[in-house]
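Report on one structure; see the data block that follows.
The values are calculated or read from the model by the stated rules, or taken from the named source; none is laboratory data. Everything numeric in this text was worked out from a predicted model, so none of it was measured. Positions of Cβ are backbone-derived with ideal geometry, glycine not excepted, and every protein chain shown enters the neighbour counts. SASA here: full protein model, heavy atoms, side chains in, ligands and nucleic acids out. Shrake-Rupley method; radii C 1.70, N 1.55, O 1.52, S 1.80 Å.
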Amino acid sequence: MNENVLGIIAGVLTSISMIPQLIKVIREKNVDDISLVMLLVLISGLSLWVWYGFVKDELPIILSNAFAVLVNISLLVCYIMYKKS
């Protein structure tokens, strides 16, 4: 298998992994079971992967992790909106 195809498949799978959680949060408007620290660490790590992708000029790394950053930032926005004070 071509290494770029493998990278794209891995990137797509990891990028979409949080979409079911995001959909559940949007539907239920409940973020009680979401860890803010986990979200912040994950967004930070994914952002570093995007940076690494630019340094290495690797489009699959850049695209998949940039998409994952957007999904997780959306989840963070929901967390802020729906968190009960």
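Checking segment 44-61 against the condition returns no match, with no residue being touching a Ser or Thr at 6+ places or on another chain (Cβ under 8 Å) and either small (Gly, Ala, Ser) or at positive phi (or both). Anything in segment 5-37 that is more than 12 Å from residue 78 (Cβ to Cβ), open to solvent by less than 60 Å² (accessible area, probe 1.4 Å) and either assigned to a helix (DSSP H, G or I) or touching a strand residue (DSSP E or B) at 6+ places or on another chain (Cβ under 9 Å) (or both)? List them, or say none. Scanning segment 5-37 gives 7, 10, 11, 15, 19. Restricting attention to segment 38-78 and to residues that are over 14 Å from the mean Cα position of the chain (by Cα) and touching a residue at least 40 places away in the same chain (Cβ under 8 Å), the residue that is least open to solvent (accessible area, probe 1.4 Å) turns out to be 60.
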